[in-house]
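S.K.: Please read through the structure below; I'll follow up with questions.
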There are 2 protein chains.
Amino acid sequence: MAKVSGVTVNWKPFLLGPVFAAQGLADSPFNIYPIKGANMWRDMARICERENIPLQRPGIFPANSVLAAKLAMVGGVDGWIAGFSRAVYTANFAHNQDISKSETLIEILTSMGLNPQEVFERANGPEGAGLRQQTEDAIKNGVFGAPSFQVGAELFWGNDRLEHAIDWALSHR
Amino acid sequence: MAKVSGVTVNWKPFLLGPVFAAQGLADSPFNIYPIKGANMWRDMARICERENIPLQRPGIFPANSVLAAKLAMVGGVDGWIAGFSRAVYTANFAHNQDISKSETLIEILTSMGLNPQEVFERANGPEGAGLRQQTEDAIKNGVFGAPSFQVGAELFWGNDRLEHAIDWALSHR
């Protein structure tokens, strides 16, 4: 959608755990409020059906995404972060794969034609370490969930606000 | 939207307080999670701007809506509940009026050509008392917030799921 609209997206990985913790939440709100959580899963299933997106509810939720997010930091530098993020979400939410495991992520990097060993080394170095600062920046900018879209000073939350974020970007250049 | 689509809406007032309490929440989530709450207000302002709907953030939030909901129960019997609900929401969210006050609600009923004294008497009788059962039914049906749209066994939550609810009703007659 952004590409079609001519809007540039600057992907910024962050960890949800600290974002939730900053609000006093020790787990995903889906788990803390199970009545609402059940409806969120059903809502997601209906949306995926409407949009023809495969969905399989993960056995583990939320998955530990520290390693995936560190690898994504490297992808941000090199320009493959969008495809990588989509592949990780597909593994987690369509194929019920354990995205906390190195093997899962190695497979994704390999399928993208990347060198897993080199990317892992950078993810475990300063490039991956930037994730901590980026998470703190997200909290400072008022982020409370994912996905979030920041357009200047405006923060949009949720897949269902993507159109609003793009409209805002187009009308406030 | 429902009228244009040929979908019948059966309005069912309920109280949010007991719905939140059933989830262990002693206040509106907007107030319990102020970081998220601030973004919800901003989101609402942006949506109202997009759709040309007046919005003025209420001085008291959430307002005590017991009396308004009891009056709405009478409107459900008589068929003026939709217009009444719109008028109460406009008073609360566009004109920052205190909708917990009889005077505000008398004014609304009068402007609708109704007899406030008669409606108040019925609201304080068995018709208004049905609100309690309806709130319990809502909780039993998995309602966790408002607005909620129930279509058969499917529960849709939020103004931003109105289209989905109508689509579901149309494709599952």
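S.K.: Residue by residue through the stretch B:163-173, note down the ones that are within 9 Å of chain A (Cβ to nearest Cβ) and of a type outside the set (Asp, Glu).
M.R.: B:His164, B:Trp168
S.K.: I would also like to ask the following. Which of the residues that make up the stretch A:92-106 are in contact (Cβ under 8 Å) with a residue 24 or more places away in the chain and surrounded by 20 or more Cβ atoms within 10 Å (Cβ to Cβ)?
M.R.: A:Asn92, A:Phe93, A:Ile99, A:Leu105
S.K.: Please work out which residue is surrounded by the fewest Cβ atoms within 10 Å (Cβ to Cβ), limiting yourself to the stretch B:26-59 and to residues that are among the polar types (S, T, N, Q), farther than 16 Å from B:Trp157 by Cβ and within 14 Å of chain A (Cβ to nearest Cβ).
M.R.: Result: B:Asn31.
S.K.: Continuing with this model, one more query. Which number in (1) under 30 Å from B:Ala169 (Cβ atoms); (2) of a type in the set (Val, Ile, Thr); (3) out of contact with any helix residue (DSSP H, G or I) (no Cβ under 8 Å at 6 or more places or on another chain) marks the one condition that B:Val19 misses?
M.R.: Evaluating B:Val19 over (1) under 30 Å from B:Ala169 (Cβ atoms); (2) of a type in the set (Val, Ile, Thr); (3) out of contact with any helix residue (DSSP H, G or I) (no Cβ under 8 Å at 6 or more places or on another chain) leaves (3) as the failure.
S.K.: Now a separate question. Can you tell me how many residues in the stretch B:1-37 are more than 17 Å from B:Ile139 (Cβ to Cβ) and of a type in the set (A, V, I, L, M)?
M.R.: 7
S.K.: Can we say A:Gln23 is polar (S, T, N, Q), within 14 Å of chain B (Cβ to nearest Cβ), farther than 30 Å from A:Glu118 by Cβ and outside any helix (DSSP H, G or I)?
M.R.: yes
S.K.: So which residues in the stretch A:67-88 are exposed (fewer than 15 other Cβ atoms within 10 Å of the Cβ) and part of a helix (DSSP H, G or I), if there are any at all?
M.R.: If the condition is that a residue be exposed (fewer than 15 other Cβ atoms within 10 Å of the Cβ) and part of a helix (DSSP H, G or I), then A:Val77, A:Asp78, A:Gly83, A:Arg86 are the ones that fit.
S.K.: Kindly evaluate B:Val119 against the criterion of being within 14 Å of chain A (Cβ to nearest Cβ), aliphatic (A, V, I, L, M), touching a helix residue (DSSP H, G or I) at 6+ places or on another chain (Cβ under 7 Å) and surrounded by 15 or more Cβ atoms within 10 Å (Cβ to Cβ).
M.R.: no
S.K.: Scan the stretch A:126-162 for residues that are of a type in the set (S, T, N, Q) and either more than 13 Å from chain B (Cβ to nearest Cβ) or crowded, with 20+ Cβ neighbours inside 10 Å (or both) and jot them down.
M.R.: Selection gives A:Gln133, A:Gln134, A:Thr135, A:Ser148.
Values in this text are rule-based calculations from the coordinates and carry no lab data. Not measured: the values here are computed from a predicted model. FYI the Cβ positions are ideal-geometry reconstructions off the backbone, even for glycines, and counts take in every protein chain you see.
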